[in-house]
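Quick note: the coordinates plus some simple rules give every number you see, no bench work behind them. For clarity, every value in this text was computed on a predicted model and none was experimentally measured. In this analysis, Cβ positions are derived from the backbone assuming ideal geometry, glycine residues included, and neighbour counts consider all displayed protein chains.
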Amino acid sequence: MDFDDVFTDNLAPTLAVGKETVFLNPADGVEISQPRNIVIPMIVTSTERNTVVSARHEKLQIECVPGIGDKLPVLRDWAARISLSLKKFAFVGNDLNDIECMKRVEPRQRSLMPVRSPL
């Protein structure tokens, strides 16, 4: 799954010191951790290199790969590592670089997009 707009409100305000920030909802962490109790492996991919991306997923104990543009090779490698076919996946994303991952998930009903997505 993607990070921005899945874990955030898809906004990145710039602080006076010139750094971007994001807003996270703690309730999302509670909800996203629930499926792990029934052994659903998860990975988060993000183009962003913001330290909050890695810190958030370390806290939630979800594998995270930040700073990547082409997410499909990462998803394929991860699927092979955990011995799952992409046909068994769901993918949540909202950006152009999520589309290829969303196309590879079968059936496509398991490709999900936040309501606020620009796509």
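Modelled spin labels at V17 and Q61, positioned 7 Å past Cα toward Cβ, are 3.2 nm from each other.
Please order L96, L86 by the number of other Cβ within 10 Å, starting at the fewest.
Placing the least packed residue first, the sequence is L96, L86.
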